[in-house]
Amino acid sequence: MNQRPKLALILPLLVIVLIVIGGIVFIVNQKNNATATLPVNADNDTSVAATQSNVSSSNSSSDNHAVQLLTDKEIKARLPNLGDYPNDPKRIVVLEYSFLGDALALGLTPVGIADDSKPDSIIPEFTQQLSGYTSVGSRYQPSLEAIADLKPDLIIADDERHTVIADELNRIAPSVVLKSRGESYVENIQTAQLVGHIVHQDKKMSQVINTHLKKMADLKSQLAATPLAKHSVQFAIISDKGMWLHGPSSYAGSLLNHLNIKSPIPEQTGEAYIATSLEQLIAANPDWLLIGRYNDHTIYDEWKSSPLFNQLTAVKNNQVIEVDPNYWALNRSMQSAEYMSAELLKIASSQGKEGANPSVKESK
């Protein structure tokens, strides 16, 4: 007896069952799972981004474009011992890329950078301003010996990674730990305010931030007239170990939210980075999927052989786009935010125009 008619009926049912199960698991994971095993180089983080509803904006001008800045009082409360830091630091060591961006925005060139011994991971906007620097090793475990050899007069460290070595850093030079890893877009700007205060350049940093916010307001206005404004967009990191969706509380996710681009997982509020299976990705089912690749061969490439893969809306519509993870994940900064927003405009304008923009690459 020919079994093909039965199989033709059974296979679609199996696909539907798998999608439903994946969706249920995805929702449960979002609500209950606050941690995930992440690859070291993915720069993901499971910490919860702080809510900004209680952040006063009375210190900001009327054109702060909906970004809640820290007041002078809040800045001084977070950094009460400004006299402990040099008035005009010349030899700064930064242990995160975001602090590098803040320093460069003020015209300060760090002598030491924790770059994971991968100078190519620093975005061109930064390297163009660097005449030379010394690598002090990994952002996860910077070399105290290399830092000390540079004889710094100020060290800026990440509160999540480096609080445990804060005392040792302070024995080398005056040090401050500020938020970087796991920060949102707004928190990144607030941290820039703190960096400006630490180096006694509050006024200049305020000018830098205001200029940035005006650029972002213009980009936001332009994006409002594109197809992206009416569809969901999801950024994810992919490697040989898995895929991690960057949720609304992540830097990339919160930037998309700031630009009024909706998330396919709006109920996700706890985790910044979500370890994701193919079934869970199908349950999220973004209209546009932006992927940052950390390896030549990734789990995403393996998923393409699955019959479930073509169920993705982004795949059906040829709206899976590869973007540079150095901007979208590693180098969180005002400079990166401007680049990412401009890239979104290019992505929107390239829809249906194959090869229209060489900086935008469709995933093959």
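The values are calculated or read from the model by the stated rules, or taken from the named source; none is laboratory data. The structure presented is a predicted model; accordingly, all values stated were derived computationally and were not measured. No Cβ is skipped: glycine too gets one built from the backbone with ideal geometry, and neighbour counts run over all protein chains shown. Side chains are part of the model used for accessible areas, which takes the heavy atoms of the whole protein and leaves out ligands, DNA and RNA. Shrake-Rupley method; radii C 1.70, N 1.55, O 1.52, S 1.80 Å.
Some observations on this one:
- Answer residue from the stretch 296-342, given it is over 15 Å from Pro124 (Cα atoms) and of a type in the set (D, E, K, R) and is surrounded by the fewest Cβ atoms within 10 Å (Cβ to Cβ) among those: Asp296
- Top-ranked residue of the stretch 160-183 - restricted to ones that are buried (at least 23 other Cβ atoms within 10 Å of the Cβ) and among the hydroxyl-bearing types (Ser, Thr, Tyr), ranked as farthest from Asp84 (Cα to Cα): Ser180
- Residue within the stretch 184-197 that is of a type outside the set (Asp, Glu), closer than 21 Å to Asp84 by Cβ and part of a loop (DSSP other than H, G, I, E, B) present: no
- Residue match in the stretch 161-179 (condition: among the small types (Gly, Ala, Ser) and without any contact (Cβ under 8 Å) to a residue 12 or more places away in the chain): yes
- Identification of strands (runs of 3 or more DSSP E) wholly contained in the stretch 240-353 with 1 or more residues that are acidic (Asp, Glu) and in contact with a strand residue (DSSP E or B) (Cβ under 9 Å, 6 or more places away or on another chain) yields 320-323.
- Answer residue from the stretch 92-150, given it is within 22 Å of the chain's Cα centre (by Cα) and among the aromatic types (Phe, Trp, Tyr) and is most open to solvent (accessible area, probe 1.4 Å) among those: Tyr140
- Residues satisfying the stated conditions in the stretch 258-286, i.e. over 18 Å from the mean Cα position of the chain (by Cα) and among the acidic types (Asp, Glu): Glu267, Glu279
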